[in-house]
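Trainee: After the structure tokens below, expect a handful of questions from me.
Read-outs throughout are calculated quantities, based only on the coordinates presented, and are distinct from any laboratory measurement. Just so it is clear, the model here is predicted, and its values are computed rather than measured. When we count neighbours, we look across all protein chains shown, and the Cβ atoms used for this are built from the backbone with ideal geometry, even at glycine.
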Amino acid sequence: MINAGPAVSERIARIVSEVLAPAVLVAALLVTVGWHAGEAPGVSRWWGLPGAVFAAVIPLGYVLHGVRTGRLTDHHIPDRADRRSPLLFGVASLSAGLIVMVLLGAPREVLALLAAGGSGLVIFALVTHWWKMSIHAGVAAGTLATLTAIYGPVALLGVPLVVLGGWARVRLTAHTPAQVVVGALAGALVAGTVFPVLR
């Protein structure tokens, strides 16, 4: 009974880490932004789906393949030294997607989100060489910043989810509090500047 509390909190932290995983949030955000962009006359609401394939599905597939082949120990990539290659692959996949979607005439908001995501990945890939910033926190805070740019202050009701996600990463000892805070600030700063400027 003494260990019931820590065991339950760890289980909750694992669930939260999966539900608020970067690939999940990125895919959901692209679909949401694509749907919003589709409010313009003559614009399909489904432009976020191909964006999600390049920004979330393909990079996650690369990571899962790395886990299956033994190159990576876990799909959350706990070892800092193992993170650079998947991050750079993510940048390449996202860049390819951005080019394809520009050529296909995707709406500006979706393109702006892909550009912001690529900028964030580059920053995280550079910093990862020295320090393990939380990508979970960065994507969660970036998601919130993007939704705030689109829907206004009402989106800030999602702040507790960002905090919950940060707590989960610290609870699982995947990151220190500093790595979570700095990751969240970096994600919010990139998304909160690049996306509004380009949209």
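Trainee: In nm, to one decimal, how far is the modelled label at Tyr62 from the one at Ala155, with both set 7 Å along Cα→Cβ?
Mentor: 2.6
Trainee: Using θ = phi - 60° and the Karplus form 6.51 cos²θ - 1.76 cosθ + 1.60, what ³J(HN,Hα) does each residue of the range 185-199 get, whole Hz, x for Gly and Pro?
Mentor: With coefficients 6.51, -1.76 and 1.60, one gets 5, 5, x, 5, 5, 5, 5, x, 10, 5, 4, x, 5, 8, 6 Hz.
Trainee: Right, something else. Work the Kirkwood hydrodynamic radius out for the range 124-199: mean of 1/r over every pair of different alpha-carbon atoms, inverted, in Å.
Mentor: Values: mean 1/r = 0.0804 Å⁻¹.
One over the average 1/r among Cα pairs gives 12.4 Å for the range 124-199.
Trainee: If the convex hull of the alpha-carbon atoms of the chain is projected onto planes in all directions, what is the mean projected area in square nanometres?
Mentor: The orientation-averaged projected area of the Cα hull of the chain comes to 11.7 nm².
Trainee: Once you keep just the Cα pairs under 8 angstrom separated by 6 or more residues, what percentage relative contact order results for the range 72-170?
Mentor: Values: 55 pairs, mean separation 26.1, N = 99.
Over the range 72-170, the number comes to 26 percent.
Trainee: I'd like the FRET efficiency for Thr193 and Arg71, computed as 1/(1 + (r/R0)^6) with the beta carbon distance as r and R0 of 41 Å, rounded to 0.05.
Mentor: 0.75
Trainee: Separate question: Okay, which of the range 69-109 sit inside 17 Å, backbone N to the point 7 Å along the Cα-Cβ direction of Leu49?
Mentor: Backbone N within reach: 101, 104-107.
Trainee: What is the calculated FRET efficiency for Glu10 to Trp130, with r their C-beta to C-beta distance and R₀ = 25 Å, to the nearest 0.05?
Mentor: Result of the calculation: an efficiency of 0.30.
Trainee: In whole Hz and in residue order, list the ³J(HN,Hα) couplings for the range 39-52 that follow from phi through the Karplus curve 6.51 cos²θ - 1.76 cosθ + 1.60, θ = phi - 60°; x for Gly and Pro.
Mentor: Coupling constants for the range 39-52: 6, 6, x, x, 9, 5, 7, 9, 5, x, 5, x, x, 5 Hz.
Trainee: Using +1 at the Cβ of each Lys and Arg and -1 at the Cβ of each Asp and Glu in the chain, identify which of Leu189, Ala96, Ile77 lies farthest towards the dipole's positive end.
Mentor: About the Cα centre, the residue reaching furthest to the positive side is Ile77.
Trainee: Continuing with this model, one more query. For the range 95-165, count all C-alpha to C-alpha pairs, find those more than 22 Å apart, and express that count as a whole percent of the total.
Mentor: When every Cα pair of the range 95-165 is considered, 35 percent fall beyond 22 Å.
Trainee: From the C-alpha gyration tensor of the range 1-93, pull out the three semi-axes of the equivalent ellipsoid (sqrt of 5λ each), sorted largest to smallest, in whole Å.
Mentor: In descending order the semi-axes read 31, 21, 8 Å.
Trainee: Follow-up question, since we're still on this one. With an 8 Å Cα cut-off and a minimum separation of 6 or more residues, compute the relative contact order for the range 1-110 in percent. Display every interim value, and only then the final one.
Mentor: On the way: 93 pairs, mean separation 30.4, N = 110.
For the range 1-110, the relative contact order is 28 percent.
Trainee: Where does the charge balance sit around Ile123 when Lys and Arg score +1, Asp and Glu -1, over other residues with C-beta under 14 Å from its C-beta?
Mentor: That sum, taken over residues with Cβ under 14 Å, equals +3.
Trainee: Contact order normalised by length for the chain, with contacts defined as Cα pairs under 8 Å and 6 or more residues apart; what percent is it? Walk me through the numbers before you get to the answer.
Mentor: On the way: 273 pairs, mean separation 51.2, N = 199.
It rounds to 26 percent for the chain.
Trainee: From the phi angles alone, apply the Karplus equation (6.51, -1.76, 1.60; θ = phi - 60°) to the range 125-131 and give each ³J(HN,Hα) in whole Hz, x where the residue is Gly or Pro.
Mentor: 5, 5, 5, 4, 4, 10, 8
Trainee: Once both labels are modelled 7 Å past Cα along the beta-carbon direction, what's the Leu172-Val19 spacing in nm?
Mentor: For the pair Leu172/Val19, the computed spacing is 1.4 nm.
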